[in-house]
Amino acid sequence: MNSARISELLKTRPKTSLYWGLYFAFSEQGAKPDLGIAVAKKLAKRAVDRNQLKRMIREMVRAAQATGLNGDVVVKLKKPIGRETRGRLRRKEKEVLRTQVAGLI
């Protein structure tokens, strides 16, 4: 997904949760749906955690697209992770984030 399309979607009203913003728009008929993920370094300090979050989001969106989600999606992290764990993403917090993303999609 190019940056102009991401910017266009970010201007729309998000379907939000505690930690995530989900921006959704229908794609053109016959076009492959695209995915954009924004996990800022300021909100997830460790690269390992940012990559895990991106991988988790990609996996969940692909599964949703296989079952009928037909549109462009941008997922953006809104709040910092790891406040109680010195900036590290732990299993408990990862499960909370996973359920929130699943609820959005």
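The values are calculated or read from the model by the stated rules, or taken from the named source; none is laboratory data. Since we're looking at a predicted model, the values are computed, not measured. Side chains are part of the model used for accessible areas, which takes the heavy atoms of the whole protein and leaves out ligands, DNA and RNA. Shrake-Rupley method; radii C 1.70, N 1.55, O 1.52, S 1.80 Å.
Compute the Rg/Rh shape ratio of the chain: radius of gyration over Kirkwood radius, all on alpha-carbon atoms.
With Rg and the Kirkwood Rh in hand, the quotient comes to 0.97.
Could you work out what % of the accessible surface of the chain is carbon and sulfur, using a 1.4 angstrom probe and leaving DNA, RNA and ligands out of the count?
Reported share for carbon and sulfur atoms: 49 percent.
Would you mind getting the accessible area per residue of the chain, heavy atoms of the protein chains only, 1.4 Å probe, in Å²?
Normalised by residue count, the accessible surface of the chain is 65 Å².
Divide, for segment 27-82, the radius of gyration over alpha carbons by 2.2 N^0.38 Å, where N is the residue count.
Dividing the Cα Rg of segment 27-82 by 2.2 N^0.38 Å gives 1.27.
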